Amino acid sequence: MTLSLEGKKGLVVGIANESSIAYGCAKALKAAGAELAVTYLNEKSRKYVEPLAEELDARLLLPMNVESQEELDAVFQTIEEEWGEIDFLVHSIAWSPLDELHGRVVDSTSEGFARAMDISCHSLIRMAKRAEPLMKNGGSIITMSYYGSEKVVDHYNMMGPIKSALESSVRYLAAELGEKNIRVNSVSPGPMMTRAGSGIDHFDELLNEAASHSPLHRLGTPDEVGNMTAFLVSPMSSAITGGVHYVDAGHHIMA
């Protein structure tokens, strides 16, 4: 069996620029033959996303701030009107207040923590709910996590418990949606030089440590994450659901 996504249609959320993990995913999905819908956060970000969407020959380019129920509804309504159904959803977004991300978990505010959890974790659940009726013949939902979900990583701080909640949500969604042949998985890249990653304090140190300590003595790349994502969308992964799949050059196995 070869990896082909010909005839598959899906939504990729989280492209900010050409360094985004979501863009690496979109490129791999497109290369395998999938048709894409792409979102952008707001008008400020559109100027960065639109040229990439054109390069990907994306069928749809739509605004979506996941904090807006109206924008979420509009995206999935447009997809239903355009395609009638979808085969996959890629959720690659995370956010926290920068000052709280740089602080201790114990010092986080309830407001900051709740908003970070809402954007970074519960948004996956909201999207899965809207995608479920459109995945009429089954489908694949994929989100992005990080090793800091299970081990304490210096300076990852608030995002550690939030990614733990995200991975737990993947398991529960996989259990609930499995009867409809909808598979839900998490991909766990190592640290990568993305806009989101650069907000982590001492991020250069984290990159250097991961590269030197991993068995392959390098970092993973967004393109390699894209390859894993394409595999998890494809029929080649038809019995795989509820898992965390590492694309980090083996860094997670090291003590």
Checklist line | Filter pass, Ser96 being small (Gly, Ala, Ser), crowded, with 22+ Cβ neighbours inside 10 Å and part of a loop (DSSP other than H, G, I, E, B) | finding: yes
Next item on the list: Check the stretch 101-110 and report whether any residue there is of a type in the set (D, E, K, R), farther than 26 Å from Cys25 by Cα, at pLDDT 95 or above and touching a helix residue (DSSP H, G or I) at 6+ places or on another chain (Cβ under 8 Å).
Entry: yes
Item checked: Only listed residue being in a helix (DSSP H, G or I), within 18 Å of the chain's Cα centre (by Cα), closer than 25 Å to Arg183 by Cα and of a type outside the set (Lys, Arg), chosen from Ala53, Ala128 -> Ala128
Next item on the list: Residue by residue through the stretch 131-149, note down the ones that are over 15 Å from the mean Cα position of the chain (by Cα) and surrounded by fewer than 22 Cβ atoms within 10 Å (Cβ to Cβ).
Entry: Glu132, Pro133, Leu134, Lys136, Asn137, Gly138
Margin query: When you check Thr229 against the structure, is it under 20 Å from the mean Cα position of the chain (by Cα), surrounded by 22 or more Cβ atoms within 10 Å (Cβ to Cβ) and either within 24 Å of Asp107 (Cα to Cα) or at pLDDT 95 or above (or both), yes or no?
Written below: yes
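Residue-wise test of (1) over 27 Å from Met135 (Cα atoms); (2) in a helix (DSSP H, G or I).
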{"site": "Ala165", "(1), (2)": "no, yes"}
{"site": "Glu176", "(1), (2)": "no, yes"}
{"site": "Val184", "(1), (2)": "no, no"}
{"site": "Met192", "(1), (2)": "yes, no"}
{"site": "Glu224", "(1), (2)": "no, yes"}
{"site": "Met228", "(1), (2)": "no, yes"}
{"site": "Thr241", "(1), (2)": "no, no"}
{"site": "Tyr246", "(1), (2)": "no, no"}
Next item on the list: Considering only the stretch 1-26, state which residues are among the β-branched types (Val, Ile, Thr) and assigned to a loop (DSSP other than H, G, I, E, B).
Entry: Thr2, Ile15
Next item on the list: Please enumerate the residues belonging to the stretch 150-187 that are in contact with a Phe, Trp or Tyr (Cβ under 9 Å, 6 or more places away or on another chain), surrounded by fewer than 24 Cβ atoms within 10 Å (Cβ to Cβ) and not hydrophobic (A, V, I, L, M, F, W, C).
Entry: His155, Tyr156, Gly160, Pro161
Notebook entry, point to check: Do we have any residue at all in the stretch 3-14 that's modelled with pLDDT of 95 or more, more than 21 Å from Ser237 (Cα to Cα) and within 14 Å of the chain's Cα centre (by Cα)?
Noted result: yes
Note to self: Can you find a residue that is at pLDDT 95 or above, more than 26 Å from Lys9 (Cβ to Cβ) and among the acidic types (Asp, Glu) anywhere in the stretch 82-97?
What the structure shows: no
Next item on the list: Please list, ordered by first then second residue, the pairs with beta carbon atoms under 7 Å, 6 or more apart or interchain, first in the stretch 57-81 and part of a loop (DSSP other than H, G, I, E, B), second of a type in the set (Val, Ile, Thr).
Entry: Ala58/Val38; Met64/Val13; Met64/Thr39; Met64/Val75; Val66/Ile93; Val66/Ile119; Glu67/Ile119
Notebook entry, point to check: When the residues of the stretch 59-72 are filtered to those that are in contact with a Lys or Arg (Cβ under 9 Å, 6 or more places away or on another chain) and within 14 Å of Leu124 (Cα to Cα), which remaining residue is surrounded by the most Cβ atoms within 10 Å (Cβ to Cβ)?
Noted result: Val66
Notebook entry, point to check: Which one is nearest to Ser123 (Cα to Cα), of the residues in the stretch 135-163 that are in contact with a Leu (Cβ under 9 Å, 6 or more places away or on another chain) and in a helix (DSSP H, G or I)?
Noted result: Met159
Check: For the stretch 66-103, how many residues meet the condition of being acidic (Asp, Glu) and touching a His at 6+ places or on another chain (Cβ under 8 Å)?
Finding: 0
Next item on the list: Write out, first by first residue and then by second, each pair whose Cβ atoms fall under 7 Å of each other, whose residues are 6+ apart or on separate chains, and whose first residue, in the stretch 225-238, is more than 12 Å from Ala34 (Cβ to Cβ) while the second is in a loop (DSSP other than H, G, I, E, B).
Entry: Phe231/Leu3; Leu232/Ile240; Met236/Met1; Met236/Leu3
Checklist line | From Arg218, Arg195, residue being closer than 21 Å to Trp95 by Cα, at pLDDT below 95 and basic (Lys, Arg) | finding: Arg195
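The values are calculated or read from the model by the stated rules, or taken from the named source; none is laboratory data. Not measured: the values here are computed from a predicted model. Every residue, glycine among them, receives a Cβ derived from its backbone with ideal geometry; neighbour counts consider all protein chains shown.
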